[in-house]
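Heads up: the structure comes next, in structure tokens.
The values are calculated or read from the model by the stated rules, or taken from the named source; none is laboratory data. A quick note: this is a predicted structure, and the numbers were derived from the prediction, not measured. Positions of Cβ are backbone-derived with ideal geometry, glycine not excepted, and every protein chain shown enters the neighbour counts.
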Amino acid sequence: MYNESATWTTYRAEDTEAHVELMASIGPSIGTSKRQPKPERKGPEYQPVSPSKHVGKVRFFNPDKGFGFIGLNGGKPGKLFFHVAEIVDGNKAYIREGVTVAYEEGVDRQGRTKAVAVQLVNV
């Protein structure tokens with residue numbers, strides 16, 4: 001039988017204890033989570049350089065294509081090609097023009113001299 005004197009109460013889902021417990025268990029929603037701070041960027045890690053390696057400065061470097069040229073030291077004219085695949089110490093992000101590097105000379109498939117085993121040098 002229908003009782004006209006009964007009061008109807010409406011509940012929002014957010015007001016129930018079950019909803020509060022559910023939100024506590026799953027944490028904040030994706031849109032409101034706080035960003036994690038970026039880790040501090042460390043400088044390059046310099047490795048000891050073998051005395052048999054040559055030392056020179058990067059004269060040109062194209063980071064998009066991953067190659068560059070090293071200026072020769074010791075009064076030698078010219079420049080030496082290198083590719084980022086030849087960087088041995090994992091400091092590819094720090095290679096740019098003007099940086100001092102140590103390298104060994106090698107030969108490419110066409111018989112041209114190129115730099116191999118390139119690494120950053122702490123000046």
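For the subset of the stretch 48-78 comprising residues that are in a loop (DSSP other than H, G, I, E, B) and small (G, A, S), which member is modelled with the lowest pLDDT?
Kept after step one, since they are in a loop (DSSP other than H, G, I, E, B), are these residues of the stretch 48-78: 48-53, 63-66, 72-78.
Then drop every residue that is not small (G, A, S), which leaves 50, 52, 66, 74-75, 78.
Working: S50: 83, S52: 85, G66: 92, G74: 66, G75: 62, G78: 82.
That would be G75.
Identify the single condition in (1) exposed (fewer than 14 other Cβ atoms within 10 Å of the Cβ); (2) under 20 Å from G43 (Cα atoms) that T100 does not satisfy, given that it satisfies every other one.
(1)
What residue, among those in the stretch 103-123 that are among the β-branched types (V, I, T) and in contact (Cβ under 8 Å) with a residue 40 or more places away in the chain, is surrounded by the most Cβ atoms within 10 Å (Cβ to Cβ)? It would help to see each step written out before you state the result.
Quick first cut of the stretch 103-123, residues among the β-branched types (V, I, T) only: 107, 113, 116, 118, 121, 123.
After this cut, where a residue has to be in contact (Cβ under 8 Å) with a residue 40 or more places away in the chain as well, the list is 118, 121.
On the way: V118: 27, V121: 16.
Among those residues, the one meeting the criterion is V118.
Just give me the residues in the stretch 46-67 being among the charged types (D, E, K, R) and within 17 Å of L120 (Cβ to Cβ), in sequence order.
So in the stretch 46-67, the residues among the charged types (D, E, K, R) come out as 53, 57, 59, 64-65.
Correct list: K53, K57, R59.
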